[in-house]
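The values are calculated or read from the model by the stated rules, or taken from the named source; none is laboratory data. Just so we're clear, the structure is a prediction, and the values are computed from it rather than from any experiment. Cβ sites come from the backbone with ideal geometry, for glycine too, and all protein chains shown count toward neighbours.
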Ligand code: 5GP
Ligand code: ZN
């Protein structure tokens, strides 16, 4: 399958890794929108949040454990933002489930 995040997960494409374990990898976004902008992904190919099922949802809980660890390790005690873009209307451009972990500035709501 021609999936760029699968290639990052299996090491075919080099990236700035900030965390890795058996099921999850986190790496810096190529086009950061904040001083800290990390993508946290399951190593398993799940196309989007709309493809999460009872069979594969455990890794999502684990991703949020990793996010909490990153927040602590990076000293973001004032907070951060976790974003998932799902599908075309959600603005998803890479069709491998990923969570944007962003920090180091204040974010607006609903945009920005
Ligand atoms: P989406 O728009 O699908 O929610 O987010 C995709 C994100 O992946 C974007 O923020 C984009 O900058 C990032 N991205 C796309 N291709 C690559 C890549 O090859 N390497 C890295 N590190 N980030 C990428
Ligand atoms: Zn993939």
The lone exception for residue 15 - which of (1) within 15 Å of ligand 1 (Cβ to nearest atom); (2) surrounded by fewer than 17 Cβ atoms within 10 Å (Cβ to Cβ) it fails
(2)
How do the pairs read when you match residues in the range 81-107 that are closer than 19 Å to residue 1 by Cβ with residues anywhere that are part of a strand (DSSP E or B), using Cβ under 7 Å and keeping only pairs 6 or more apart or on different chains?
96/41; 97/41; 97/42; 98/39; 98/40; 98/41
Give the range 49-103 a look and list any residue that's closer than 16 Å to residue 27 by Cα and over 15 Å from the mean Cα position of the chain (by Cα), or say none.
73, 74
For the range 81-112, the count of residues that are on the phi > 0 side of the Ramachandran plot, touching a helix residue (DSSP H, G or I) at 6+ places or on another chain (Cβ under 8 Å) and assigned to a loop (DSSP other than H, G, I, E, B) equals 0
For the range 18-29, what are the residues that are more than 13 Å from ligand 1 (Cβ to nearest atom) and assigned to a loop (DSSP other than H, G, I, E, B)?
21, 22, 23
Does residue 46 count as assigned to a helix (DSSP H, G or I) and within 14 Å of ligand 2 (Cβ to nearest atom)?
no
Answer with yes or no whether residue 32 is away from ligand 1 (no atom under 11 Å from the Cβ) and at pLDDT 95 or above.
no
Could you tell me whether residue 22 is more than 26 Å from residue 104 (Cβ to Cβ), away from ligand 2 (no atom under 16 Å from the Cβ), at pLDDT 95 or above and surrounded by fewer than 18 Cβ atoms within 10 Å (Cβ to Cβ)?
yes
Given the conditions (1) more than 14 Å from ligand 1 (Cβ to nearest atom); (2) assigned to a loop (DSSP other than H, G, I, E, B); (3) exposed (fewer than 10 other Cβ atoms within 10 Å of the Cβ), which single one is not true for residue 61?
(2)
For the range 35-44, how many residues meet the condition of being within 14 Å of ligand 1 (Cβ to nearest atom) and closer than 15 Å to residue 97 by Cα?
4
